[in-house]
Amino acid sequence: MEQFKDLNRGSLVHCITNYVTVNDVANAILASGGSPIMADAIEEVSDITSICNSLVLNIGTLNSRIIDSMIKAGKTANSLNKPVILDPVGVGASRYRGDSVKKLLNKINFSVIRGNATEIKSILMGNKTDSGVDVSVDDIISEENLEIYIDIAKEVSAIYKAIVVITGPIDIITDKKITYIVKNGHENMEKITGTGCMLAGLIGSITGANSQDILRSTVFAVGMMGLCGELANEKITKENLGTGSLGTFILDNISRFEKDNLMGKLKIEIK
Amino acid sequence: MEQFKDLNRGSLVHCITNYVTVNDVANAILASGGSPIMADAIEEVSDITSICNSLVLNIGTLNSRIIDSMIKAGKTANSLNKPVILDPVGVGASRYRGDSVKKLLNKINFSVIRGNATEIKSILMGNKTDSGVDVSVDDIISEENLEIYIDIAKEVSAIYKAIVVITGPIDIITDKKITYIVKNGHENMEKITGTGCMLAGLIGSITGANSQDILRSTVFAVGMMGLCGELANEKITKENLGTGSLGTFILDNISRFEKDNLMGKLKIEIK
Amino acid sequence: MEQFKDLNRGSLVHCITNYVTVNDVANAILASGGSPIMADAIEEVSDITSICNSLVLNIGTLNSRIIDSMIKAGKTANSLNKPVILDPVGVGASRYRGDSVKKLLNKINFSVIRGNATEIKSILMGNKTDSGVDVSVDDIISEENLEIYIDIAKEVSAIYKAIVVITGPIDIITDKKITYIVKNGHENMEKITGTGCMLAGLIGSITGANSQDILRSTVFAVGMMGLCGELANEKITKENLGTGSLGTFILDNISRFEKDNLMGKLKIEIK
């Protein structure tokens, strides 16, 4: 798994993100070697996007004021050719989230769309879901149904001309032509809030530093997040700790990725 | 303390809550086996409440936009018979908080109202308090004054037809007819922000999963929170750690409640 | 370093602060022996400021609603002679932040202004910066350029009649007449979000408890924060941990400042 060693680590990331996990997102970006700036006032989002290397839009705690800011920031990023990442948190949970994501997808060209299987399906099919911000129990990716979700990811990728990431027990990353799968991670990562949001931040941090190679940057970010969660889970299991420590150790691992020489533990395949 | 073993753990909880402790609330709900969704836009709160099992309203960082959303969500929850929990953070600290809580209490039927002694007294008496969001030093519950606070809780319960929880060195839970007291917990839990808010989230998580038995669900949530805090405090004392670790270990303990077989350590009595 | 033993620890602090690091700020204030209350609704900010001992204004995630609340709270604090602390997060990152800080500085008398070198320079010179909320690489304070930044701090102090704090590898605190430097701290503190914001909260907590001696209170807060970060960094280095644990241990150390008898490790000099 040497093919990511050439990637730069970390860049200045403009995040318009939810207030639930914003602290974790900021710390994940910092741990990856980047620098976050959270700003959602319409008066400043263009200025902020202009000095940043990428833009991450996360709809976790949406409101009308913030949607307008997202659109303005997204247009600025598009005009300057900076990667824009969409995290459509709970898109199927309300009509408002569905409509807002449609609006964002219409007005902004996203480089990467990252969600769980339920969210990405909802983007494709417009269906309402009743599992809140979590993946529906019907949408757990396994070796058996993997091809189905790869097809969904490819379809969404084709429609929106974006790299699509579906995270789950097996992660899928595709730009329609090339599809990667990542087998790092642990299901306990869903027992804390913010692992998906942190990943969106990491994708922003790494794609912003390697805008000529967004697919590989995204794959690397997905692998890094999964591996750091997996190792954190091993540690809490060994030390009889719980989900509070899990969150702490995930950040620890991201910040020690080089020092602990973790690159070799990535389980990434081209499908 | 076997009488809580039959309760289901965790449900989908809609939280309209403050941005100070929202991450802790989300993680506490997840650790308890539930799933949180934070959403405060008026355009979506009815949709979100509809797919959830309970609704938690916390006024910690109030504004006019959010009050309107709370009322809308509360009415939806009432119409669907889902438990609604009120956490009147710092209700006596400003006229605005007092008026807003009055409005919420007028328009929504709450299943549970949880506050510290100063907050619950302020709901009853409408008095302004100068201790911010903390309990006033005059309101520390002890064996000596316990009956006074039980009476206050019962009065508030009678007026608003809600279960009332007063948390403190001794916790009181009453539906006016039956009163429980909980002697778990440690005063250091007040040295971190969010333990009260996390408890409101836990009450939402557990009552939402047992809506036929809201009183016992609430008592169990109060006991669980107190015990997890107490054990976390023992651990930081033993390991010479401080309040940062205290927060982490509280979440660890909530997530390990079954695994560590903590049920037997609950100190809950019917008064 | 005995000259801070007489200072009271901790007071009731009204914070209007960003939603990224608000939880850390609240926990830092609590760990220092104070009590935070976050409130940004214009309807209540005067009431809240009135019951508090100090006011902390942090522009990290600004919007027009919050600016108005800051001005109202600031005027109330001024009229009641309570210390007001400004944290001009990323002031040079957008025209909007620059204009907003100008407005705040025009309408409110600040007791303390705390920023990194890039932020304090930007207040003086009005220049736009492209390093987001972080210090620019050109602005790292060292023994070589220390005098330059002391002069900048003094100039800002003279213009706004406020104590000015520049944090960095060497911290500068000046009221124009007396200048302190603090050599505690570690550069890894910039690898987590919120250490600057936490310091602003600590300054609020300690100046609020010693409003007759704001300069020494501020110096003590700066030293405390630096030392707690430095010791936390030693611990993560020894235990092979990372930035997640760093944040936890900083709070641990603040809360154990007395118990661990840390006063003697402060490296504070009058320049």
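The values are calculated or read from the model by the stated rules, or taken from the named source; none is laboratory data. Predicted model only: the values in this text are computed from it and were never measured. Note that each Cβ is placed from the backbone with ideal geometry, even for glycine, and that neighbours are counted across all protein chains shown.
Hey, among the residues in the range A:252-264 that are of a type in the set (Asp, Glu) and assigned to a loop (DSSP other than H, G, I, E, B), which one's surrounded by the most Cβ atoms within 10 Å (Cβ to Cβ)?
For the range A:252-264, the residue satisfying everything is A:Asp260.
Output the helices (runs of 4 or more DSSP H) that fall wholly within the range C:95-161 and possess 2 or more residues being closer than 20 Å to C:Gly226 by Cα and hydrophobic (A, V, I, L, M, F, W, C), or say none. Even if it seems obvious, please write down each step before you answer.
Numbers: elements: C:95-107, C:117-125, C:146-160.
Passing ranges, in order: C:117-125, C:146-160.
Condition test on C:Thr207, is it more than 18 Å from C:Tyr149 (Cβ to Cβ), touching a helix residue (DSSP H, G or I) at 6+ places or on another chain (Cβ under 6 Å) and not in a helix (DSSP H, G or I)? Step through it out loud before you land on a result.
Numbers: more than 18 Å from C:Tyr149 (Cβ to Cβ): yes; touching a helix residue (DSSP H, G or I) at 6+ places or on another chain (Cβ under 6 Å): yes; not in a helix (DSSP H, G or I): no.
When the stated conditions are applied, C:Thr207 does not pass them.
What is the number of the single condition among (1) more than 11 Å from the chain's Cα centre (by Cα); (2) over 13 Å from A:Met224 (Cα atoms) that A:Gly194 does not meet?
So the condition that A:Gly194 fails would be (1).
Of all residues in the range C:30-87, count the ones that are facing chain B (nearest Cβ under 7 Å), out of contact with any strand residue (DSSP E or B) (no Cβ under 6 Å at 6 or more places or on another chain) and not small (Gly, Ala, Ser).
Selection size over the range C:30-87: 5.
Which one of these is within 14 Å of chain A (Cβ to nearest Cβ), touching a helix residue (DSSP H, G or I) at 6+ places or on another chain (Cβ under 8 Å) and surrounded by fewer than 24 Cβ atoms within 10 Å (Cβ to Cβ): C:Lys271, C:Lys267, C:Lys235? Reasoning before the result, please.
Numbers: C:Lys271 fails: within 14 Å of chain A (Cβ to nearest Cβ); C:Lys267 fails: within 14 Å of chain A (Cβ to nearest Cβ).
Checking each option against the conditions leaves just C:Lys235.
From the list A:Ile236, A:Ile268, which one is out of contact with any Leu (no Cβ under 9 Å at 6 or more places or on another chain) and in contact (Cβ under 8 Å) with a residue 12 or more places away in the chain?
A:Ile268 is the lone residue from the list that is out of contact with any Leu (no Cβ under 9 Å at 6 or more places or on another chain) and in contact (Cβ under 8 Å) with a residue 12 or more places away in the chain.
Hey, can you tell me all the residues within the range A:65-93 that are of a type in the set (Ser, Thr, Tyr) and in contact (Cβ under 8 Å) with a residue 40 or more places away in the chain?
To start, the set of residues in the range A:65-93 that are of a type in the set (Ser, Thr, Tyr) comprises A:69, A:76, A:79.
Listed by number, the list holds a single entry, A:Ser69.
Is it true that some residue in the range B:111-131 is among the hydroxyl-bearing types (Ser, Thr, Tyr) and over 30 Å from B:Ser69 (Cα atoms)?
In the first step, residues of the range B:111-131 are kept if they are among the hydroxyl-bearing types (Ser, Thr, Tyr); the result is B:111, B:118, B:122, B:129, B:131.
With over 30 Å from B:Ser69 (Cα atoms) added as a condition, the list becomes none.
No, every residue in the range B:111-131 fails to be among the hydroxyl-bearing types (Ser, Thr, Tyr) and over 30 Å from B:Ser69 (Cα atoms).
Keeping to the range A:162-183, report how many residues are over 12 Å from A:Ile120 (Cα atoms), in a loop (DSSP other than H, G, I, E, B) and touching a residue at least 40 places away in the same chain (Cβ under 8 Å).
So the count comes out to 4.
Considering only residues of the range C:19-29 that are aliphatic (A, V, I, L, M) and more than 9 Å from chain B (Cβ to nearest Cβ), which is surrounded by the fewest Cβ atoms within 10 Å (Cβ to Cβ)?
Residues of the range C:19-29 aliphatic (A, V, I, L, M): C:20, C:22, C:25-26, C:28-29.
Cutting the leftovers down to more than 9 Å from chain B (Cβ to nearest Cβ) gives us C:20, C:28.
Working: C:Val20: 28, C:Ala28: 33.
Going through the qualifying residues, I end up with C:Val20.
In the range B:125-158, which residues are within 14 Å of another protein chain (Cβ to nearest Cβ) and either basic (Lys, Arg) or touching a His at 6+ places or on another chain (Cβ under 7 Å) (or both)? Break it down stepwise before answering.
Of all residues in the range B:125-158, those within 14 Å of another protein chain (Cβ to nearest Cβ) come to B:127-137.
Within the range B:125-158, B:Lys128 is the sole residue that qualifies.
Spot the failing condition for A:Tyr96; the list is (1) within 11 Å of chain B (Cβ to nearest Cβ); (2) in contact (Cβ under 8 Å) with a residue 40 or more places away in the chain; (3) of a type in the set (Ser, Thr, Tyr), and only one is missed.
Exception for A:Tyr96: condition (2).
Of all residues in the range B:154-195, count the ones that are of a type in the set (Asp, Glu) and within 28 Å of C:Asn23 (Cα to Cα).
As a first pass, look at the range B:154-195 and keep what is of a type in the set (Asp, Glu): B:155, B:171, B:175, B:187, B:190.
Adding the requirement that they be within 28 Å of C:Asn23 (Cα to Cα) leaves B:171, B:187, B:190.
Qualifying residue count, the range B:154-195: 3.
Out of B:Thr118, B:Thr193, B:Thr129, which single residue is modelled with pLDDT under 95 and not acidic (Asp, Glu)? Step through it out loud before you land on a result.
Numbers: B:Thr118 fails: modelled with pLDDT under 95; B:Thr193 fails: modelled with pLDDT under 95.
Only one candidate passes the filter, namely B:Thr129.
Scan A:Lys154, A:Lys183, A:Lys176, A:Lys161 and give me the residue that is surrounded by fewer than 21 Cβ atoms within 10 Å (Cβ to Cβ) and within 29 Å of B:Pro36 (Cβ to Cβ). Quick ask: steps written out before the conclusion?
Working: A:Lys154 fails: within 29 Å of B:Pro36 (Cβ to Cβ); A:Lys176 fails: within 29 Å of B:Pro36 (Cβ to Cβ); A:Lys161 fails: within 29 Å of B:Pro36 (Cβ to Cβ).
Of the residues listed, the single one that is surrounded by fewer than 21 Cβ atoms within 10 Å (Cβ to Cβ) and within 29 Å of B:Pro36 (Cβ to Cβ) is A:Lys183.
Of A:Glu230, A:Glu190, which residue is over 27 Å from A:Leu57 (Cβ atoms), among the charged types (D, E, K, R), away from chain C (no Cβ under 14 Å) and part of a helix (DSSP H, G or I)?
On the way: A:Glu190 fails: over 27 Å from A:Leu57 (Cβ atoms).
Only one candidate qualifies: A:Glu230.
Considering each residue of the range A:202-224, count those that are under 16 Å from A:Leu30 (Cα atoms) and surrounded by fewer than 24 Cβ atoms within 10 Å (Cβ to Cβ), and give that number.
1
Looking only at the range B:35-47, decide whether some residue is touching a residue at least 40 places away in the same chain (Cβ under 8 Å) and crowded, with 24+ Cβ neighbours inside 10 Å.
Restricting attention to the range B:35-47, the residues satisfying the condition of being touching a residue at least 40 places away in the same chain (Cβ under 8 Å) are B:36.
Next cut, crowded, with 24+ Cβ neighbours inside 10 Å only: B:36.
Yes, the range B:35-47 contains at least one residue that is touching a residue at least 40 places away in the same chain (Cβ under 8 Å) and crowded, with 24+ Cβ neighbours inside 10 Å.
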